[in-house]
1. Would you call residue A:76 loosely packed, with under 14 Cβ neighbours inside 10 Å and modelled with pLDDT of 85 or more?
2. With the requirement that a residue be over 45 Å from the mean Cα position of the chain (by Cα) and among the basic types (Lys, Arg), what does the range D:563-612 give you?
3. Mind listing whichever residues of the range B:391-408 are more than 10 Å from chain D (Cβ to nearest Cβ), touching a Leu at 6+ places or on another chain (Cβ under 8 Å), in a helix (DSSP H, G or I) and crowded, with 24+ Cβ neighbours inside 10 Å?
4. For the range D:104-150: of the residues being among the aliphatic types (A, V, I, L, M) and not in a helix (DSSP H, G or I), which is surrounded by the fewest Cβ atoms within 10 Å (Cβ to Cβ)?
5. Among A:86, A:135, A:124, A:131, which is the only one that is outside the structural domain of residue A:33 (by TED's automatic domain parsing), touching a Phe, Trp or Tyr at 6+ places or on another chain (Cβ under 9 Å) and assigned to a helix (DSSP H, G or I)?
6. For the range D:221-275, give me each residue that is free of Cβ contacts under 8 Å to residues at least 40 places away in the same chain and assigned to a helix (DSSP H, G or I).
7. Would you be able to tell me the number of residues in the range B:303-338 that are more than 10 Å from chain D (Cβ to nearest Cβ), outside any helix (DSSP H, G or I) and within 30 Å of residue B:507 (Cα to Cα)?
8. Within the range B:199-218, how many residues are surrounded by fewer than 16 Cβ atoms within 10 Å (Cβ to Cβ) and not in a loop (DSSP other than H, G, I, E, B)?
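The values are calculated or read from the model by the stated rules, or taken from the named source; none is laboratory data. Here the structure is a predicted model, which means the values were calculated and not measured. Reconstructed Cβ throughout: ideal geometry from the backbone, glycine too, with neighbour counts over all protein chains shown.
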Amino acid sequence: MVMNKNIFHSALFMLITFLGVAAVYFMLHADFMAAVQVLVYGGAITIFLVFGIMLTIRGSMKETNLFSGHAALAGIVSLALVVVNAVMVISTNWSVTGAEPPEETVGSIAELMLTKYVVPFEVAAILLLVALIGAVIIAKEVKKTS
Amino acid sequence: MGFPVLTAILLAPIIGALISVFIPKEESKIIKAVAGVTTFISLALTIILYIVYYTQYVKTGIGGFAFTEDIPWVADLGVIYSLGVDGFSLPMLLLTNIIGFTSVFSRSWSKEKRAKEFYILLLILITGVMGTFIARDLFIFFLFYEVVVIPIYIMVIIWGSGSKTKDVTKEYAGMKLTIYLLIGSAFLLAAMIWMYKEAAVILGSPTFDIARLATIDFPAQFQIIVFGMMAFGFTCLLSMFPFHSWSPDGYAGAPTAVSMIHAGVLKKIGGYGLIRIGLFILPVGAKFWAPLIAIFAVANVVYAALICLAQKDMKYVVGYSSVSHMGFVLIGVASLNIIGLNGAVANMFAHGVMSALFFSMVGYIYGATKSRYIPDLGGLAHQMPVAAVGFVVAAMASAGLPGLVSFVPEFTTFVGAFKEPSLQIPALIALTGVVLGAVYVLRMVANVLFGPRKEEWDHVEDIKGSYWIPVVVLIAFIVAFGVFPSLLMDMVNSGVQPIAAKLVQATTAAAQMGGSI
Amino acid sequence: MIGLEHFLVLSGTLFCIGLFGALAKRNAIAILMGLELMLNAVNINLVAFARYVTTGILTGHVFAIFVIAVAAAEVAVGLALIVAIYRDRISVNVDDFDWLKW
Amino acid sequence: MIDFALHNAWLIPLLPAIAFVLIALVLRPLPKASAFVGITAILISFVLAIHVGLGVIQAGDQFVEHPLKQVVTWFEMSGLKIEMGVQIDPTSAMMLFVVTLVALLVNIYSLGYMHGDPGFSRFYAFLALFAMSMLGLVIAPNLLQMFVFWELVGLCSYLLIGFWWHKYSAREAAKKAFITTRTGDFGLLLGILLLQINFGTLDLVALGEMIPNFQQYTNLTFGGLTAIAAILFLGPIGKSGQFPLHVWLPDAMEGPTPVSALIHAATMVVAGVFLVGRTLILFKTVPGAMAFVAFMGGFTALFAATIAITQTEMKKILAYSTVSQLGYMMLALGAGSLTASMFHLMTHAFFKALMFLGAGSVLHAMHNEANIWKYGGLKKKMPITYWTFLTGCLAIAGIFPFAGFFSKDEILLVVKEASHGAQFGGLYTLLFWMATITAAMTAFYMFRMFFICFHGEPRDKSFHPHEAPFSMTFALVVLSVLSVFGGFVGAPWVEHGFGYYVRLGEFHHPQVDPVIIGVSTILALGAIFLAYWIYGKKAISHEALAQKFAPLYKLSFNKYYIDEIYLWLIHNILDGLGRVLWWFDITVVDGIIDGVANTAKVLGSVLRRVQTGKLQHYALVLFAGVVVLVIIMGFADTTSASLSLLGGVR
């Protein structure tokens, strides 16, 4: 995805990645998470991004997603981070419980969200609202005042 | 414990600032009145404290800290919101409040614009300075000290002014002043933290309490290094040669009120810290550095006084003269005996009141004529006789005239200095500053106030209205403490006694150790 | 058997891919995409820990959901910004933007 | 009453102080009330002072050794205790009398002289302040109090010389006076400090007991004490206008004439003499310092007299005459005689104040025309001034039986006695002859002025001089009477005269030395006759004389160019040093500071290139930093346990 030079293709590849992540959630017995992932990322965010692409890029989609001059450096740093991370993850002795995961998660999540995390939940709602309004205001055409 | 009077004194200006926030900025008169009233409350409370302490603690010989307030603040670090006054900090507190109150009514011709912000910053500044003098906790001391720096910078670069005789802009002056203060405080901070760390190891629990720190006998080597850092920080603030050059520029650039506060009290934080923290906690270090301080002090006195002779800008004359006067303070400090220290502390007070009056009058004349260039002025006593009286009193106090506040402190300082055989030659040289001081001050007085009438200044008005307040209040204090010096000296003596005792004790201990420092 | 380590390495790798995209791309939208990938990687981490370390306690899931919510908000604001900048500069190329320099 | 006055002598300086405060704060807009308050205060002080004097006389010589002292602590700390108070002994009682008397007369005189001046109230305020300071000085029981009031009289002198501050010359003269005396005060303060350090006290009585046996109390050497005395003497040199710091006194004549009479003739300038008198025991202990004082005095007396001969302004002549007479008093002290010095101080106060006030009367009549060559024939127009002035001139010339005769002869006598002493005998012999010559010169220049002013025909017809009002002539007459009879208190035939009270050590009855009397009288009469010959009868042209001795005349007329030398020194050396140091401050001290700042600036301008302003660069560096930190913490350093990611969960 990141290597592609056509930004639209990149966006499509990203959708696939998101769906892949959803699959990972299934593997982790997180069915609700998988559903949210598909809905939010696979649906909303991808659409958003495509919208953004459509709004900003006119004409040919070729050569729209190029690397900048410091791509090599970025590559080295990223790769180094992969390696470091992998080494650490592997060399760490994780205290894994052997227990089986619960079959159904939606209920528990709902309970947590509306009891223990109700304040963050509401704050997140407000955040979304604020973000929405903010986005509208920022993106709105600025009237030129003489 | 009763009524937390020190906190009340501290809070009064802050409340004034808060009230001012809600007053429309067009109402500059009301804002000024609020600032005046709140600083007056502080002043009145301080005077009451002074009298109570004088009668109940000084005269009875009890001494020590009184009106203390201790509220643990950051318990893990050992930081305590710990206030208190003794015979040393009370004169300084009084000084701050006298000058704070009068500076509200000072005149600087640029102050009228943005009066609201000006007074708010001024009130914050006053609070910060007061806090440093009544803090008994090193951390609180430093905190208040940092509070002071920022308003000063803003006030200089917004309401300041450039000079005609030296190519200096107010931005340069403000920047120089601020950077100097910050460099000094950086060294202080480092010294403070190091000391704190050492003390935590020795005591077993962390503390910033000055009195507790003073009970520790730090190793000599440590004392020498830390005192050196501390002395650098504090003497920067005290404008010791060769770290003085911010002071004349800064005063020349600053608006009148800031010059008054800065020359009057802010500088004194340097001397205060040097004695209360440096000498008290690190006597052996002080012993080590005292000769060097003495030499620089002499340079201060004579060098700055000679430079004064060459000045044509009123504020530079007063600025350099304050550098010169700080030399007397430093000599007193360097003498390290009780008489010299008394002299140094009293000198700080005396110079504060006197230079505040001086700057107030210079600022008034500058505000009225829009000029501080001495050759432009002349014969101003025709147009402004009251200002002339104030100016002459300030000049005479600056020249150390007996009967005014600065004579007894200077005399005491020199008695203390001459007591130390090693200081006799420096003190002798510094004594010439007394003559030079008279020369430059009288020259300025003659050239600004006296002589034939100049038509071009016929439009200026004499002091009237609230501008009377600085003249009356400051002259009253200058004369009162000059005629009855024991009001000041007894107080100072009771405050300095423990510090001097500590010095003596450290010296004898060092002598018993074989005199090897 | 797929264990915790595998998921962690996977998420780490995904994070670094996203990072690479965010660091190396010129197109602002591509950078935004990279950021999304990084957030996804974090979510995987959270869920994986919820599965293996604190089995039965779904705090990790809740957290991930919050992350998703914030990510959605972020994308919305980010895109709005990009559109606004684009209107101003007719460019989405971050090499053209050096406003962090005064 | 006498008892009350003796025990409440502190009222004497306090009353003028109250008057000062009242006038300054309340009565300033009311000139009449100001004058009334000022005069009343000093009048009461005068009455008290007389009673103090009577009390001292009644007590016989009891107060000579054991002065009556009342002190309060001014401030104290461990190792330093300074008191303020009153010390009554014959010397201070005499000074109290002289000061209050002259001050009272000058206050009355000023009613007429300053009439209509816009600063009338201010003038009375300053006079009151001065009276307070001077009285505080003479009753001081210790040196610091003396110094305090010493400085305050200096301040008053400054304020009153510069009373007409709108005049350029007055403002400069005031400044010069203050700074010059300040230069001397440097020495005085230093001397006081050294005494305090070495003896631990500044109390005059205590010092008087300790100093003769100073080796017991201090580890001072003989030379050390001599040095202290010499340094201390710098103060009197400045205050009493001794060479080389005499330059301010003639310029001080810029002040109103009553001020010149009060401050610069009768009282303040003698403060230096008084101070040396008070500390005479110190000088007596070290003969070297004593000889120094005597020499400075004798030299100044002669030196100033040579200048006075050629001056053309009445007040300038009187000023130089004052310098010369002060030199006389110093000489007497240097010869070891408090009595002679104080006696001359007193008579001098009478006749010199008289002459100044007479000069003021003339100036008043001549609308402040200062040049005596414009005067002439004033005898007819101003008879009272004329006759009173004549008594003053005769007194200063030392003609029997005027006051100056007794005091001057006593000085000559003690100097002659000193020349028989073991040490410095030759010096005192020289000084004796110098003093004798000075006496003759004094008679000459006084009568020169006298004849030019009052005799002959009016030279400038545009003036219409008239006699002064009563308030002024009253003072003249009183002082004139004192100038005539004031000397009798110390006359040799009085059993317990002046010297019985005012003395240091044993009482020596004044002797009559016919040789000295004869020589001095003959010389004085001869000088008067010469003056008459030249200026009264004009038998010899004074212009021809000036031509003949042109170089000497010029040297004397230009006051030996000392003012010019000082000006040159101040403008070139002192100011030059100031300018050089300022340059140093701006370029070097500031330069280093600015250099440091500029280094930071240059470094910054290099380092700012790192700040590309591009977010990606920053993020790149950030993550590179993360990698590096993780490697360091996680792999290199295993000791920092809490931060080590590797050991984290274990």
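1. Values: loosely packed, with under 14 Cβ neighbours inside 10 Å: no; modelled with pLDDT of 85 or more: yes.
So residue A:76 fails the test.
2. Once the filter is applied, which keeps residues that are over 45 Å from the mean Cα position of the chain (by Cα) and among the basic types (Lys, Arg), the range D:563-612 yields D:601, D:608, D:609.
3. Of the residues in the range B:391-408, the ones more than 10 Å from chain D (Cβ to nearest Cβ) are B:391, B:393-395, B:397-398, B:405-406.
Still in the running and touching a Leu at 6+ places or on another chain (Cβ under 8 Å): B:391, B:393-395, B:397, B:405.
Next cut, in a helix (DSSP H, G or I) only: B:391, B:393-395, B:397.
B:391, B:394, B:395, B:397 - these are the residues of the range B:391-408 that are more than 10 Å from chain D (Cβ to nearest Cβ), touching a Leu at 6+ places or on another chain (Cβ under 8 Å), in a helix (DSSP H, G or I) and crowded, with 24+ Cβ neighbours inside 10 Å.
4. Going residue by residue through the range D:104-150, those that are among the aliphatic types (A, V, I, L, M) are D:104-106, D:108, D:111, D:114, D:125, D:127-129, D:131-132, D:134-135, D:137-140, D:143-144, D:146, D:148.
So of that shortlist, the ones also not in a helix (DSSP H, G or I) come out as D:114, D:139-140.
Details: D:114: 23, D:139: 29, D:140: 27.
Ranking the qualifying residues of the range D:104-150, first place goes to D:114.
5. On the way: A:86 fails: touching a Phe, Trp or Tyr at 6+ places or on another chain (Cβ under 9 Å); A:135 fails: touching a Phe, Trp or Tyr at 6+ places or on another chain (Cβ under 9 Å); A:131 fails: touching a Phe, Trp or Tyr at 6+ places or on another chain (Cβ under 9 Å).
A:124 is the lone residue from the list that is outside the structural domain of residue A:33 (by TED's automatic domain parsing), touching a Phe, Trp or Tyr at 6+ places or on another chain (Cβ under 9 Å) and assigned to a helix (DSSP H, G or I).
6. Start the filter on the range D:221-275 by keeping residues that are free of Cβ contacts under 8 Å to residues at least 40 places away in the same chain, which leaves D:221, D:223-224, D:227.
D:223, D:224, D:227 - these are the residues of the range D:221-275 that are free of Cβ contacts under 8 Å to residues at least 40 places away in the same chain and assigned to a helix (DSSP H, G or I).
7. Adding up the residues that qualify gives 1.
8. Within the range B:199-218, residues that are surrounded by fewer than 16 Cβ atoms within 10 Å (Cβ to Cβ) and not in a loop (DSSP other than H, G, I, E, B) number 4.
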